[in-house]
1. Is it the case that Ile203 is surrounded by 12 or more Cβ atoms within 10 Å (Cβ to Cβ) and farther than 19 Å from Glu45 by Cα?
2. Filter segment 2-30 down to residues that are more than 19 Å from Pro62 (Cβ to Cβ) and part of a helix (DSSP H, G or I) and give me whichever is nearest to the chain's Cα centre (by Cα).
3. Does Trp184 satisfy the condition of being of a type outside the set (Gly, Ala, Ser) and not in a loop (DSSP other than H, G, I, E, B)?
4. Looking for something within 24 Å of Lys217 (Cα to Cα), β-branched (Val, Ile, Thr) and in a loop (DSSP other than H, G, I, E, B) - is there at least one such residue anywhere in segment 32-39?
5. Mind telling me which of the residues Val77, Val85 ends up being within 17 Å of Phe51 (Cβ to Cβ) and not in a helix (DSSP H, G or I)?
6. Return a yes/no flag: does segment 224-238 have any residue that is modelled with pLDDT under 95, under 18 Å from Asp132 (Cβ atoms) and hydroxyl-bearing (Ser, Thr, Tyr).
7. If you scan segment 196-216, which residues turn out to be within 18 Å of Gln30 (Cβ to Cβ), in contact with a helix residue (DSSP H, G or I) (Cβ under 8 Å, 6 or more places away or on another chain) and of a type in the set (Gly, Ala, Ser)?
Amino acid sequence: MLLGKLLSESVKAKKRINSITKVEFKVFSQFDDDGIIQWLVNNLEFPNKTFIEFGVENYREPNTRFLMMNDNWSGFVMDGSEQNVSYIIDSECYWKYELFAKAVFIDRENINEILSSCPFDKEVGILHIDLDGNDYWIWKEIEVISPIFVVLEYNGAFGIDRAITIPYNKNFVRTNSHYSNLYWGASLRALHQLSKQRWYSFIGCNSAGNNAYFVRKDKLNDIVRETSIEQGDVVSKFRESRDRSGRLTYIAGNERIGLIKGMPVYNIDTNSLEDI
């Protein structure tokens, strides 16, 4: 935490950057998103210091924990595991901070009802969607909140050329859908197009190539600026593919798409199903 506070002060001083990867650092986040979020919260206007994060597991590696502990933001987190949420509620941070946790399997039929039960104003500071599945469809469905910025996890194995996502399946579970663990979510282009339709501007991706950042258009300024998908795209290099026994195979790059070749995806541009 002490090192994070020092890094946070350093990030605040950076006003002119050509990529959000230049302000990265990690305290609790799985990769280096803590720094990006610190830079954004110090360079955007937030009427409410609140966040909502989906798919947090036991909240040991979320993108919002450092923000909560360093800046005293309030949060609402969700995960599909009762065990994970019980762990969060029993943790020290649950009574030290204004944190609410809910065990729920999110789908597009229940998402707005769940968000309506959140004790925050509609104009939430941050929304982070990390479901490893129906991320595109859930983001498309949300109507009851208007976040200042949104963090969306994209599937780098899908590449940048096509605007594709997995077809909606209410009961989608990544590990059950394909043994490789590579068939999930949406491409960056699909999330980019949807966010643009929703009046959000793309400002870049983290250097790990898994999280994309979108800021509500009315909140952009001379420091936080829109970038093109070509300039902001980052190719993921982490290797999480698995064999049929669940063991890591460390397959990377374009070889990943070969493992899931023939699996169905929904093309946003043609509004039709096609194979990977």
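The values are calculated or read from the model by the stated rules, or taken from the named source; none is laboratory data. All values reported here derive from a predicted model rather than from experimental measurement. Cβ atoms come from the backbone with ideal geometry, glycine included; neighbour counts cover every protein chain shown.
1. Taking the combined requirement at face value, the residue does not satisfy it.
2. If we take residues in segment 2-30 being more than 19 Å from Pro62 (Cβ to Cβ) and part of a helix (DSSP H, G or I), then Thr21 is nearest to the chain's Cα centre (by Cα).
3. No: the conditions fail for Trp184.
4. The answer is no, given that none of the residues of segment 32-39 is within 24 Å of Lys217 (Cα to Cα), β-branched (Val, Ile, Thr) and in a loop (DSSP other than H, G, I, E, B).
5. Checking each option against the conditions leaves just Val77.
6. yes
7. Gly204, Ser207, Gly209, Ala212 - these are the residues of segment 196-216 that are within 18 Å of Gln30 (Cβ to Cβ), in contact with a helix residue (DSSP H, G or I) (Cβ under 8 Å, 6 or more places away or on another chain) and of a type in the set (Gly, Ala, Ser).
Listed here are the residues, each with its yes/no results for (1) surrounded by fewer than 20 Cβ atoms within 10 Å (Cβ to Cβ); (2) out of contact with any helix residue (DSSP H, G or I) (no Cβ under 9 Å at 6 or more places or on another chain); (3) in a helix (DSSP H, G or I).
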site: Glu109; (1), (2), (3): yes, no, no
site: Ile114; (1), (2), (3): yes, yes, yes
site: Asp121; (1), (2), (3): yes, yes, no
site: Leu127; (1), (2), (3): no, no, no
site: Leu152; (1), (2), (3): no, no, no
site: Thr175; (1), (2), (3): yes, yes, yes
